[in-house]
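This report refers to the structure that appears directly beneath it.
The values are calculated or read from the model by the stated rules, or taken from the named source; none is laboratory data. In this text, all values refer to a predicted model and were calculated from it rather than measured experimentally. Please note: Cβ atoms are built from the backbone with ideal geometry, for glycine as well, and neighbour counts cover all protein chains shown. Surface areas here come from the heavy atoms of the whole protein model, side chains and all, with no ligands, DNA or RNA. Shrake-Rupley method; radii C 1.70, N 1.55, O 1.52, S 1.80 Å.
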Amino acid sequence: MAQTFRFPDVGEGISEGEVVRWLVAEGDTIRIDQPLAEIETDKAVVEMPSPFAGTVLKIHAGEKALIKVGAPLVTIGAPGEPVPEPSLPPSASTAPAASRAPAAPASAPLPAGEILATPLVRKLARDLGLDLAAIRPTGPQGRTSEDDVRAAAAAAVAAAPRPAIKIKTKFDFFGELERIPLRGIRRATARRMAQSVSTAAHVTHIDEADATVLIRLRESLRPEAEARGVKLTYLPLIVKAVVAALALHPTLNAWMDDAEEEIVLKKYYNIGIAVDVPDGLVVPVVKFADQKPVLEIAAEIARLAAAARARSLDLADLKGGSFSITNVGVLGGEAATPIINYPETAILATMRLGDRVRARNGRPEVVATLPLCLSFDHRVTDGAEAARFMAELKAFLEDEARLRSVISTI
């Protein structure tokens, strides 16, 4: 018997996705767990495996279509088997508003599998974008007639609100304009950034660390890292210093439970690493960074960054962050105001590490420095505590003995 696979609830508050591309076609014979399509959600692009084996009888959504949780994706069955009409969930539809469920007087949902209608009537309903299960039959023995379908279509059109006329300008006073649809990760980035700045009380604290020790320690560890096939950047060392500083200033590793009016301190250290990808920004998480040696963190950061750019991150890679770091240094710049990765409390931006002229003992010297910018939620912690955290972080980065003590065995 043909079975329809619907877009499942994958958790994390995801309510819809966009079909990036189909990996199967109608008529293909597929096995269980064979990837059916790439679906882009607010979190990542994931391959949707098939729960059934058989022949792909019908694909219900085209590429680039937005689909709600519960909407039919594909019907699978035996070759030549008729395709049952899948009913849409109340909130799921990719069809235009005018072709959704008919008006109330004509609606009388029937149990699935008990719809009596000729193939011609079924085709008519399908062409009009109507769900046969939602049309009240008036024919003999409960059969749905062509008149029933046309009446339901007329009622739906009459009940549907008239779409507002949208005028999109292609030119302004100075020249041509280009409009780019807000989709996928770019849309998710926009929503989360807006949610963050409208929720947290953002403050940014800017400081600078002497990077002499950081550079020297990294150079001393590079031979062993290369021998293990690991590229060691400054970031894993900074992650370990951040975790050590967070342990001493726990309000930076917390979140605000607005409903209970409580500050929730997290007793674990999952560090999100912001990765710049062409479509926006994703923040995969290095789990339990306090328990991992620095080379393991380096390897994990490399894996997560590569997966983010290849759009192959697992949803689990994006969950559970307690604090985030965004490394802007590779792009240059002296200071920034990073937006907190909601619902975390703080985010650290590391800027370009380089030589700068600084006054030492009353004389100018060229010193390797690392600008640090910490944005935090002032509802959770105070400026003084943020300053103390930054002083602690600098102390770890500038004191080789302290920094070696926190990177553990490599």
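Some observations on this one:
- Evaluated against (1) open to solvent by less than 50 Å² (accessible area, probe 1.4 Å); (2) touching a strand residue (DSSP E or B) at 6+ places or on another chain (Cβ under 6 Å); (3) free of Cβ contacts under 8 Å to residues at least 40 places away in the same chain, residue 218 falls short on exactly one condition, (2).
- Subset of the range 163-206 [open to solvent by 100 Å² or more (accessible area, probe 1.4 Å) and part of a loop (DSSP other than H, G, I, E, B)]: 163, 165, 166, 167, 168, 170, 173, 174, 178, 179, 180
- Scanning the range 140-162 for residues that are open to solvent by 90 Å² or more (accessible area, probe 1.4 Å) and either farther than 20 Å from residue 115 by Cα or within 39 Å of the chain's Cα centre (by Cα) (or both) turns up 157, 161, 162.
- Residue list for the range 34-59, filter: touching a helix residue (DSSP H, G or I) at 6+ places or on another chain (Cβ under 9 Å), open to solvent by 10 Å² or more (accessible area, probe 1.4 Å) and either more than 13 Å from residue 19 (Cβ to Cβ) or of a type in the set (A, V, I, L, M, F, W, C) (or both): 42, 43, 45, 46
- Subset of the range 24-49 (residues that are closer than 26 Å to residue 284 by Cα and of a type in the set (Ser, Thr, Tyr)): 41
- Going through (1) surrounded by fewer than 18 Cβ atoms within 10 Å (Cβ to Cβ); (2) farther than 23 Å from residue 406 by Cβ one by one, residue 275 falls short only on (1).
One line per residue, one yes/no per condition, for (1) of a type in the set (Ser, Thr, Tyr); (2) open to solvent by 80 Å² or more (accessible area, probe 1.4 Å); (3) part of a helix (DSSP H, G or I); (4) at pLDDT 85 or above:
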{"residue": "61", "(1), (2), (3), (4)": "no, no, no, yes"}
{"residue": "76", "(1), (2), (3), (4)": "no, no, no, yes"}
{"residue": "84", "(1), (2), (3), (4)": "no, no, no, no"}
{"residue": "89", "(1), (2), (3), (4)": "no, no, no, no"}
{"residue": "102", "(1), (2), (3), (4)": "no, no, no, no"}
{"residue": "110", "(1), (2), (3), (4)": "no, no, no, no"}
{"residue": "122", "(1), (2), (3), (4)": "no, no, yes, no"}
{"residue": "126", "(1), (2), (3), (4)": "no, yes, yes, no"}
{"residue": "138", "(1), (2), (3), (4)": "yes, yes, no, no"}
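- Taking the numbered list (1) touching a strand residue (DSSP E or B) at 6+ places or on another chain (Cβ under 7 Å); (2) under 30 Å from residue 118 (Cβ atoms) in turn, residue 211 passes all entries but (2).
- Leading residue by the ranking (farthest from residue 203 (Cα to Cα)) among those in the range 354-382 that are open to solvent by less than 70 Å² (accessible area, probe 1.4 Å) and out of contact with any strand residue (DSSP E or B) (no Cβ under 6 Å at 6 or more places or on another chain): 354
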